[in-house]
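This report refers to the structure that appears directly beneath it.
Each reported figure results from applying straightforward, stated rules to the coordinates on display, with no laboratory input. Everything quoted here is computed from the prediction, not taken from an experiment. Please note: Cβ atoms are built from the backbone with ideal geometry, for glycine as well, and neighbour counts cover all protein chains shown.
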Amino acid sequence: MKPIALVVMAACLTLTACGGDDVSTKGGASSPTTNPGSPSGPSSPGTGGTTKAQPGWSQAVAMDGKAVEAEPSATLDANGNTLVTWVTTGSAGSLGNEMWGARYVPGSGWGTPMRLDTGDGSHSMTGPGTIAPQLVGNASGQAVAFWTEWMPGPNAYALWARPYSPGAGWGTALEVAPNVTSSTYTAGIDDQGNAIVAWPQSIDLLNSRIAWTRYTPNGTWSATAQIQMPAQTGPGAVTGDTTNVRPMISVLPSGSAVLAWGQTNTTQSAIWTATFDATNGWTNVNQAVSNTSLFTTIDTPAAGMDAKGNITLVWGQLDVTGGKLLTTTMSQRYVVGSGWQAPLAVAPEITEPSAFIATPILSVNPNGVAAVMWAQGGAVLQASVSDASGNWGPLHQLTATVNTTAAQLPPLVIDAAGNVTAAWQDSGTPGSSDVIAASYRNGSWGTPTLFSQDPQDASWPALAVNASGAMALVWQSYISNAGDELQAAFYTPGT
């Protein structure tokens with residue numbers, strides 16, 4: 001991919017560091033088509049109009065044609081309105097990145113972009129390990145944008161947020177936590193506009209815990225607090241100096257939420273989960289998966305919850321057996337009234353000489369249908385879909401050429417009907433980086449779709465879906481002699 005002026009962000013999310021492992025599947029992904037499905041999109045994105053949207057993907061159109069724009073995040077409400085944030089190089093060059101936002105309304109096009117970050121020059125949006133801004137939104141169009149700003153010193157980051165409502169527009173930027181010790185965080189929002197954000201927080205030189213805060217749409221934030229973890233005993237207990245890392249949250253429309261994270265003391269590891277509701281706060285804080293063998297490593301958990309409270313938990317696992325390094329993606333399900341079921345391998349173990357552990361990407365819909373995706377060896381993108389009872393279907397290879405230099409994990413979304421869509425940055429075209437999307441519908445994966453002209457230099461896909469299955473895909477595409485600019489395509493479900 002062509003170089004851009006922005007400082008490279010999200011190093012902690014690169015597929016070479018966090019992506020996956022697994023087993024080959026029968027037959028790979030089909031060759032992608034060279035153009036998106038339906039050429040007549042929702043009112044010609046970017047220009048407005050009154051043309052009725054046709055089922056399928058619209059044409060790819062530049063958002064505003066103003067490079068340099070990069071690292072988008074997107075949400076989609078029930079009416080198909082899309083909210084996007086992105087980063088651009090400010091007047092101070094790569095050390096002065098700025099965050100901007102804009103909204104797309106079908107039939108009207110893109111609104112005027114607005115700068116969202118603090119912009120006073122006292123803090124930088126770039127720094128070692130800084131990740132891209134994250135936008136979370138709901139069906140009503142309410143949203144909150146989160147980002148970190150680099151603060152030199154023992155506590156290197158400040159976590160910021162800015163809310164959005166369709167009626168009032170963007171609210172005021174607020175420093176949510178001034179002394180975050182990691183740039184990694186996770187966030188979600190419910191249908192009332194309440195948002196939760198959680199992150200690892202050091203409590204001393206050798207220990208960290210998971211901290212959190214909650215936003216309510218009246219404009220208030222709860223006091224920052226730590227999730228209290230009960231002491232563990234027995235063979236699976238992780239004791240002594242411990243770090244708690246990589247929190248991943250899933251917030252339901254009702255406001256209930258599930259959080260998963262990893263814990264280690266450098267010799268043992270465990271995976272914890274906790275559930276949240278507005279009345280009781282964080283409860284059911286438990287060690288869901290323990291590592292009782294020095295020959296097994298468990299890492300990179302993700303969890304989702306359905307409307308009944310059933311939880312799907314996935315993680316990457318490495319086993320040393322018979323002198324071989326074997327990896328796979330594992331899952332475990334919590335059923336209300338029954339508790340945790342036995343762990344299951346989503347796919348058979350494979351030999352992974354580099355000891356590369358997968359980072360599973362998980363999406364669960366309110367009915368309990370789940371989809372998981374991971375990059376085997378960092379390059380072979382695999383996926384599986386389960387039914388509402390937790391039975392995983394056949395393994396499907398989406399591509400064997402995920403771009404291993406991608407600075408993000410590929411997005412995966414699921415709608416209320418159980419239709420699944422994945423998007424990723426692909427390096428299958430020599431000398432090019434492409435954005436490709438593929439969907440699982442009616443029990444099978446369809447032909448992948450390549451966006452924009454081939455060859456192209458496209459990267460950083462941001463994918464959003466609403467309950468009815470409409471989707472927005474936004475990515476950065478390199479324009480010769482100009483730099484990266486954002487492009488978008490929209491998916492209209494058929495009848």
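Rounded, prolate or oblate for the range 295-454? Axes are the square roots of the Cα gyration tensor eigenvalues, ordered a ≥ b ≥ c, and the cut-off for rounded is a/c under 1.5. Oblate shape, in that a/c is at least 1.5 and b/c is the bigger or equal ratio.
Among MET373, MET229, the order by Cβ neighbours within 10 angstrom, fewest to most, reads MET229, MET373. In this Cβ point-charge picture (+1 for Lys and Arg, -1 for Asp and Glu), the range 409-495 has a dipole of about 320 debye about its Cα centre. Model label sites at ALA237 and ALA417, defined 7 Å from Cα along the beta-carbon direction, differ in position by 5.2 nm.
At a Förster distance of 35 Å, what's the computed FRET efficiency of ASP204 paired with ALA278, Cβ-Cβ distance as r, to 0.05? Kindly include the intermediate steps, with their values, before the conclusion.
On the way: r = 31 Å, r/R0 = 0.90.
Efficiency, from the Cβ-Cβ distance: 0.65.
Note on the range 11-492: with charges restricted to the Cβ of Lys and Arg (+1) and Asp and Glu (-1), its dipole about the Cα centre is near 640 debye.
Summing +1 for each Lys or Arg and -1 for each Asp or Glu among the other residues whose beta-carbon sits under 15 angstrom from that of VAL61 gives -2. Assuming charge only on the beta carbon of Lys and Arg (+1) and of Asp and Glu (-1), the dipole of the range 228-370 about its Cα centre is about 160 debye to the nearest 20.
Ranking of TRP110, TRP221, TRP212, TRP374 by neighbouring Cβ atoms within 10 Å, starting from the fewest: TRP221, TRP110, TRP212, TRP374. Among MET63, MET114, sorting on how many other beta-carbon atoms sit within 10 Å of each Cβ, with the fewest leading, yields MET114, MET63.
Label sites at ALA223 and THR267, each approximated as a point 7 angstrom past Cα along Cα to Cβ, lie 3.8 nm apart.
Along the axis of the charge dipole computed for the range 11-492 (Cβ charges of +1 for Lys and Arg, -1 for Asp and Glu, origin at the Cα centre), the listed residues THR148, PRO200, SER254 are led at the positive end by SER254.
Around ALA288, with a cut-off of 15 angstrom between Cβ atoms, what is the net charge of the other residues, counting Lys and Arg +1 and Asp and Glu -1? Can you show the working numbers first?
Details: positive: ARG246, ARG333; negative: ASP299.
Within the 15 Å Cβ shell, the charges total +1.
Remark: spin-label model distance ALA78-TRP340 equals 3.7 nm, labels positioned 7 Å along the Cα→Cβ axis.
Using 0.36 nm per residue and subtracting the Cα-Cα separation, the extra length available between LEU294 and VAL105 on full extension is 62.7 nm.
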